[in-house]
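Structure first, commentary second.
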Protein chains: 2
Amino acid sequence: MKKLLRDPRTLVRDGLDGLAATHPGLLRVEAGPELVVRADAPVRGKVGLVSGGGSGHEPLHTGFVGFGMLDAAVPGPVFTSPTPDPILEATRSVSGGAGVLHIVKNYTGDVLNFEVAADLARAEGIDVETVLVDDDVAVQDSTHTAGRRGVAGTVLVEKIAGAAAERGDDLETVAAIARGIVADVRSMGVALAAPVVPHSGLPSFDLADDEIEIGIGIHGEPGRERIPWEPVDGIVARLLQPIVDDLPFTSLDDVLLLVNGMGGTPLLELSVVLDAANQWLSDRSIHVARTLVGSYATSLDMQGCSITLLRLTDERKALWDAPVETAALRWGR
Amino acid sequence: MKKLLRDPRTLVRDGLDGLAATHPGLLRVEAGPELVVRADAPVRGKVGLVSGGGSGHEPLHTGFVGFGMLDAAVPGPVFTSPTPDPILEATRSVSGGAGVLHIVKNYTGDVLNFEVAADLARAEGIDVETVLVDDDVAVQDSTHTAGRRGVAGTVLVEKIAGAAAERGDDLETVAAIARGIVADVRSMGVALAAPVVPHSGLPSFDLADDEIEIGIGIHGEPGRERIPWEPVDGIVARLLQPIVDDLPFTSLDDVLLLVNGMGGTPLLELSVVLDAANQWLSDRSIHVARTLVGSYATSLDMQGCSITLLRLTDERKALWDAPVETAALRWGR
């Protein structure tokens, strides 16, 4: 295995130290348990947003802590859910009296551990709501999931709910906005090469030299089908058709289009995916009103991408456009 | 070859179309010749900044067009210098009456073609200054270069000179600031795996499964040495020692530290590199006053990173902190 790391056992901690050194004014990294918390948390009177999950998906979630997005992120070990303790500690750290929203990707371990932490926090008098994100249309049930997996759509839930909390919406409203996003967001991904898992030094699955996997998860979970490589327009159609069919998105919709890199794919290729997605959607009169391109919900060094569509409303556009200042996403402040 | 592309022959154009669709308010992409130009160019009375070079290094340079950085970028074919024509056209497009600065990475083709374009622009009455960036300490002379190569330090030249131009400095001053950065910036890189060149479908060099190459260029040019993989602290020391020795940087210096991904390396690993670099510099009492981490000057999908140090002054800190709004770098506006 060739990776830029010190030791697989300290990988998460070492990466958090790097993050903390880069953004001292924005966030702090707490030890024992390890948490990334907004520098000015708890913000009095503001709903606190907490997300988390296994590491290896950076910048998700630690890179989204800051003004207008998350108040805390709970990074578990690589591809492994954090335990209830750090989730509870994060919940306490960001509780400013207006309640706390847990944003949880739908994996069995995450769901269970966030649920336990929410119960414990409630027992301490903190009002907690939970929203489960399950945007991946590829498969029903999977290696670590009952129901659909939560993937890159989580970034959009965190941004838009974060903006609602920042403008002063109450817990019930922020939770309703987040659940509205979950109802209207769909994703699907493709892998060109598997990620290499640090602890084993091995690829998490095998793909032949000319093969790609459509519908892959972000932990190497199986997708829908393996096919020979084809030019990007074919790949993009295989991702967008199931996404559009599922909601369904129609020619009346304004959408946000997220082209997300899986960690090992450069920006140039993502820009080409975006161009192909724009053409496919334009041919169906689905109007792309907002765009985000980059590696935001990754799977270690996996090569590939995912595409996410969110149905937009005027309110969602305003919340999307609202200022955000985090390590990974920042504009307009 | 497995890449997310339509056709190697249209790769650059397709990527530019994606970029244009993502940032319509920020920049425009012109056809025939292909250029990326700031949306409001030419800005009257402001020095125009033009950079460019072969494609495959995105977001360099196209992702740095916008407020507070470049006025235009000239993307050549992959790893191939643009010809004088588009450079001349870019120079005209951003000429607002205060002259134009060409920021050129030190590769023989780039140097020659920017020189021809500058002469032609001067013949049309446009005042042009040129700054050559040659920050790579790894080797003297190389595959495409006489003297040292220009690499990720170029990002810092573009940001800081861009801020000087934005605040209204004249051409002579902006050029002097840019040359001052070049004098005080040093870089070196490492490859864990070679990039795959789209036109050939082949890796640009071969590395064994346990081998890394120290001092690699951004076009697959040879480095200083091939060694067996080692943990990140050893790799970081092999990059930082020659950088620090070369200027030299001393314990009296405030520095900007850039940890730059080569395209195929995820943020988690870059954060670990940053942590190791911070420790190494701290042990030598070199003070990291500013930090940037991410994939900014890439080499297609090459796995690896580079480290760049810039000696900071109060003026450089202020120019670095000044607002910037581009596709790839944005803060504070």
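Distance in whole Å from the A-onto-B rotation axis to the closest C-beta of chain A, together with the residue it belongs to, please.
A:GLY264, 2
What's the FRET efficiency of B:LEU252 with B:GLU30 using the Cβ-Cβ distance as r and R₀ = 51 Å, to the nearest 0.05?
0.65
Considering the convex hull of the alpha carbon atoms of region B:214-296, report its projected area averaged over all viewing directions, in nm², one decimal.
5.7 nm²
How large is the accessible surface per residue of region B:219-323, computed with a 1.4 Å probe and reported in Å² as a whole number?
Spelled out: the 1.4 Å probe surface of region B:219-323, per residue, equals 33 Å².
State in Å² the accessible area per residue of region A:12-183; use a 1.4 Å probe, count heavy atoms of protein chains only, and round to the nearest integer.
I get 31 Å² per residue for this part.
Checking understanding here: applying a Kyte-Doolittle mean of at least -1.0 and a length along the axis of at least 18 Å (C-alpha), which whole DSSP H helices in chain A pass?
A:108-123, A:153-166, A:171-184, A:232-246, A:267-283
With a ≥ b ≥ c the root eigenvalues of the C-alpha gyration tensor of region A:96-252, is it rounded (a/c under 1.5), prolate (a/b larger than b/c) or oblate?
In terms of gyration-tensor shape, oblate.
Treating only the Cβ atoms of Lys and Arg (+1) and Asp and Glu (-1) as charged, compute the dipole magnitude of region A:3-54 about its Cα centre; round to the nearest 20 debye.
That gives a dipole near 120 debye.
Under 25 °C and 0.890 mPa s, how fast does region A:1-78 diffuse according to Stokes-Einstein, given a Kirkwood radius computed over C-alpha pairs? Answer in µm²/s, whole number.
In µm²/s, the coefficient is 191.
Using 1/(1 + (r/R0)^6) with R0 = 56 angstrom and r between the beta carbons of A:ILE227 and A:ARG9, what's the FRET efficiency to the nearest 0.05?
About 0.90, to the nearest 0.05.
How big is the convex hull of the Cα atoms of chain B, per residue, in Å³?
119 Å³
Would you mind working out the magnitude of the charge dipole of chain B relative to its Cα centre, with +1 at each Lys and Arg C-beta and -1 at each Asp and Glu C-beta, to the nearest 20 Debye?
Here the size comes out at about 620 debye.
Could you estimate the translational diffusion coefficient of region B:45-132 from the Stokes-Einstein equation, with Rh from the Kirkwood formula over C-alpha pairs, at 20 °C and 1.002 mPa s, in whole µm²/s?
In µm²/s, the coefficient rounds to 172.
Between the label point of B:ILE227 and that of the same position in each other copy, find the distances and list them shortest first in nm, with every label point placed 7 Å from Cα along the Cα-to-C-beta direction.
Nearest to farthest, the other copies are at 4.5 nm.
About the Cα centre, and with charges only on the beta carbon of Lys, Arg (+1) and Asp, Glu (-1), how big is the dipole of region A:38-109? Nearest 20 debye, please.
Its charge dipole is roughly 180 debye.
Which percent of the accessible area of the protein assembly as shown is formed by carbon and sulfur heavy atoms (probe 1.4 angstrom)?
The value for the protein assembly as shown is 50 percent carbon and sulfur by accessible area.
For chain A, what does the helix formula give at 222 nm: sum of -39500 (n - 2.57) over DSSP H segments with n ≥ 4, over the residue count, nearest 500 deg cm²/dmol?
-10000 deg cm²/dmol
Expressed in nm², what is the orientationally averaged projection area of the convex hull enclosing the Cα positions of region A:118-193?
6.6 nm²
Which whole number in µm²/s is D for region B:185-324 by Stokes-Einstein, with the Kirkwood Rh taken over Cα pairs at 37 °C and 0.692 mPa s?
212 µm²/s
Calculate the FRET efficiency for B:ASP85 and A:THR83 from the Cβ-Cβ distance with a Förster distance of 41 Å, rounded to the nearest 0.05.
That pair, B:ASP85 with A:THR83, gives E of 0.10.
Would you please calculate the Kirkwood hydrodynamic radius of region B:162-218 over all C-alpha pairs and express it in Å, rounded to one decimal?
Its Kirkwood hydrodynamic radius stands at 14.7 Å.
Only Cα pairs under 8 Å and at least 6 apart count here; give the relative contact order of region A:241-292 as a rounded whole percent.
Answer for region A:241-292 is 53 percent.
Total accessible area buried between chains A and B, 1.4 Å probe, in Å² to the nearest 100?
The A and B chains share an interface burying roughly 4400 Å².
Give the nm distances, rounded to one decimal, from B:ALA318 to the matching residue in every other copy, measuring between label points 7 Å along Cα toward the beta carbon; shortest first.
3.9
If you restrict to DSSP beta bridges whose two residues both lie in chain A, what percentage is antiparallel, to the nearest 5?
Around 60 percent of the beta bridges assigned by DSSP in chain A are antiparallel ones.
Taking the label point as lying 7 angstrom from Cα along the Cα-to-Cβ axis, what are the distances from A:HIS199 to the corresponding position in the remaining copies, in ascending order and in nanometres?
4.6
What are the radius of gyration and Dmax of region A:12-183, computed over its Cα atoms and given in Å?
Taking only Cα atoms of region A:12-183, I get Rg and Dmax of 14.5, 42 Å.
How about region A:298-330: which of its residues lose at least 30 Å² of accessible area in the presence of all protein chains relative to their chain isolated, using a 1.4 Å probe?
A:ASP301, A:GLN303, A:ARG330
Which residues, if any, in region B:201-239 have at least 50 Å² less accessible area in the whole protein complex than in the isolated chain, probe 1.4 Å?
Checking the loss per residue gives B:TRP229.
What are the residues of region A:56-92 that lose 50 Å² or more of accessible area, with a 1.4 Å probe, going from their chain alone to all protein chains?
Those are A:GLU58, which lose 50 Å² or more relative to the chain on its own.
On each of the three principal axes of the Cα atoms of the protein assembly as shown, give max minus min coordinate, whole Å, ordered largest first.
That gives 73, 57, 49 Å along the principal axes, largest extent first.
The values are calculated or read from the model by the stated rules, or taken from the named source; none is laboratory data. These figures come from a predicted structure and were not determined experimentally. All Cβ positions, even for glycine, are placed from backbone atoms using ideal geometry, and neighbour counts span all protein chains on display. Only protein heavy atoms, including side chains, enter the accessible area calculation; ligands, DNA and RNA are left aside. Shrake-Rupley method; radii C 1.70, N 1.55, O 1.52, S 1.80 Å.
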